[in-house]
Amino acid sequence: MTYQHSIRKPYISELAELDKKHYLHPTTVPKLHVENGPKLTFSEGEGIYVKCLNGESYIDGLSMLWNVNIGHGNKELAETAKAQMSKLAFSSSFAGFSNEPAVHLAEKLSTMAPGDLNSVFFTSGGSESNDTAFKLARFYWKLQGLPDKRKIIALKQSYHGVTIGAQTATAIPAFHLFSGSGMTEVFHATAHVTNCELGDKSDPNYKGCIRDIVEREGADTIAAIIMEPVQGSGGVHMPPDGYLQAVRKLCDEFNILFIADEVICGFGRTGEMFGVDNWGVVPDLMCVAKGISSGYSQLGGVLLKEKIHDTIVQYDEVLAHGFTYSGHPTACAVALKNIEILERNQVVENVKDMEIVLEDGFNYLKEKHPTVTKSRALGLLSAFELYADREEGIPFDQSILSATEVVEECFKRKLILRPLVSNVGRNIVAIAPPLIINKQQVEEIISILDDAISVFEKKYL
Ligand code: PMP
């Protein structure tokens with residue numbers, strides 16, 4: 001043991017130096033990274049816990065990037081990857097080639113998905129799925145003889161990824177500041193204004209809602225509307241009941257495709273297999289990634305309604321779109337096993353039970369801490385906000401990064417969470433642990449939050 005420690009410390013700092021020099025990190029402040037080195041270097045995981053090279057263990061309160069739904073260290077998934085890699089690690093899906101896991105996964109997804117979303121185009125992740133959905137939507141209209149239907153409507157506060165198409169649809173300013181470039185013909189509508197989408201023009205929010213944009217631009221120029229059933233990185237915003245149905249109705253009325261971005265919501269996160277299932281809505285295209293493989297393999301996909309599939313399969317030239325890793329056999333085998341485990345272990349039912357424990361925890365925090373407000377949870381997709389005066393609706397001064405401070409206090413107590421930005425500052429704390437979490441572990445998260453918020457309130461109240 002002593003011997004191991006003595007070689008480990010120099011190794012960790014050596015690795016940090018290599019990291020600073022050679023590894024440009026995604027969604028990280030580059031200057032801080034080269035000054036400070038990596039915040040943590042993960043080396044192992046088990047259930048809801050991740051362990052670092054320095055031997056410290058943390059609760060993964062955000063399932064890493066909202067994706068490790070089945071939890072860390074699942075040996076069955078590791079064995080599945082090993083078996084498939086030993087047999088056939090990779091094969092092409094271009095030019096009509098196929099492989100067993102991809103076909104089985106495609107069939108399985110069609111039985112799980114709502115309505116007649118019965119076929120899938122595989123990708124390697126969420127951004128690729130959303131870009132693919134935009135292209136498929138435009139292509140579908142082109143094949144229907146309506147090539148002018150090209151525009152895409154996304155919602156304010158949405159996150160759809162970082163490839164040029166997905167990034168343009170993303171409505172978080174930092175992602176636009178980075179490149180400044182974007183796809184043309186994308187519009188951002190006010191989110192979650194049900195009455196407006198149902199046609200109430202007297203509603204003060206009408207200007208800028210989806211319906212308003214459709215009327216202004218002309219339905220004959222609009223290909224699709226994309227939305228997350230519950231908005232994730234943009235602040236964990238729940239749609240009011242009836243909203244998704246209202247948008248579905250609007251899409252039918254104006255002949256526009258409904259794209260559901262299920263990249264976070266899919267595969268049990270919200271207490272139903274897919275986010276849209278909470279409202280009984282069937283989209284025309286459904287983008288999945290993350291939870292499909294619980295992050296054990298890089299995989300995404302776009303599920304297509306039969307009317308779209310049937311139109312596209314009439315095309316007798318090359319469908320000139322595809323990723324090297326579309327239908328990756330190992331990734332698909334892992335996803336199939338992940339879904340089998342979700343079903344066998346009734347993980348989605350557990351999510352529903354844990355939502356209740358989490359809500360109780362939020363109520364406790366709100367009773368004890370005057371800064372805690374606006375808590376919300378659908379399954380294990382949850383958040384709360386911090387306000388200087390919640391009764392009067394007065395936020396903290398924007399210079400106080402309240403959520404960042406609370407998340408840092410949690411971090412000191414070995415809990416990883418994520419601060420998010422609202423329209424009043426960085427005051428949203430997001431919580432989305434692995435779906436296999438148990439009651440005692442949810443309570444542990446609440447207890448750490450309790451201590452962290454106490455420290456914050458002592459400083460600022
Ligand atoms: N859509 C949503 C809703 C997401 O949350 C994300 C990732 N956070 C993406 C798309 C992009 O997925 P990826 O990072 O796999 O490209």
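Values in this text are rule-based calculations from the coordinates and carry no lab data. Keep in mind it's a predicted model, so treat the numbers as computed, not measured. When we count neighbours, we look across all protein chains shown, and the Cβ atoms used for this are built from the backbone with ideal geometry, even at glycine.
Couplings for the stretch 318-323, taken from phi via the Karplus curve 6.51 cos²θ - 1.76 cosθ + 1.60 with θ = phi - 60°, read 5, 6, 7, 8, x, 10 Hz in order; Gly and Pro are left as x.
Checking the a/c ratio against 1.5 first, then a/b against b/c, what shape does the Cα gyration tensor give for the stretch 137-296?
Verdict is rounded for the stretch 137-296.
From its DSSP helices (H runs of at least four residues, each -39,500 (n - 2.57)), the chain gives a residue-normalised ellipticity at 222 nm of -13000 deg cm²/dmol.
First select every other residue whose beta carbon is under 12 angstrom from the beta carbon of Ala169; then total the charges, Lys and Arg +1, Asp and Glu -1.
Once positives and negatives cancel, what remains is -2.
Arranged from fewest to most other beta-carbon atoms within 10 Å of their beta carbon, Ser293, Ser119, Ser399 become Ser399, Ser119, Ser293.
Among Leu146, Leu381, which comes first, then next, by fewest other beta-carbon atoms within 10 Å?
Leu146, Leu381
Ordered by the count of other Cβ atoms within 10 Å of each Cβ, fewest first, Trp141, Trp279 give Trp279, Trp141.
So, counting K/R as plus one and D/E as minus one, what does the shell of residues with Cβ under 14 Å around Leu358 add up to? Local charge sum for Leu358: -2. 3J(HN,Hα) along the stretch 97-103: 6, 9, 8, 4, x, 5, 5 Hz, from the Karplus curve 6.51 cos²θ - 1.76 cosθ + 1.60 with θ = phi - 60°, whole Hz, x for Gly and Pro. Near Lys9, which lysines are there with a Cα under 16 Å away, not counting those fewer than 8 places off in the same chain? By straight Cα distance, Lys9 reaches Lys39, Lys51.
Students often get this wrong, so check it: of Lys87/Lys135; Lys374/Lys439; Lys156/Lys459; Lys20/Lys412; Lys108/Lys307, which have C-alpha atoms separated by over 25 Å? The partial results should precede the final answer.
Working: Lys87/Lys135 34 Å; Lys374/Lys439 22 Å; Lys156/Lys459 33 Å; Lys20/Lys412 23 Å; Lys108/Lys307 19 Å.
Among Lys87/Lys135; Lys374/Lys439; Lys156/Lys459; Lys20/Lys412; Lys108/Lys307, the Cα-Cα distance tops 25 Å for Lys87/Lys135; Lys156/Lys459.
Sorting 356-364, 202-210, 401-409, 233-241 by their mean Cβ neighbour count within 10 Å, with the most densely packed peptide first, gives 401-409, 233-241, 356-364, 202-210. Taking a ≥ b ≥ c as the square roots of the eigenvalues of the alpha carbon gyration tensor, the chain is oblate, as a/c is not under 1.5 and a/b does not beat b/c.
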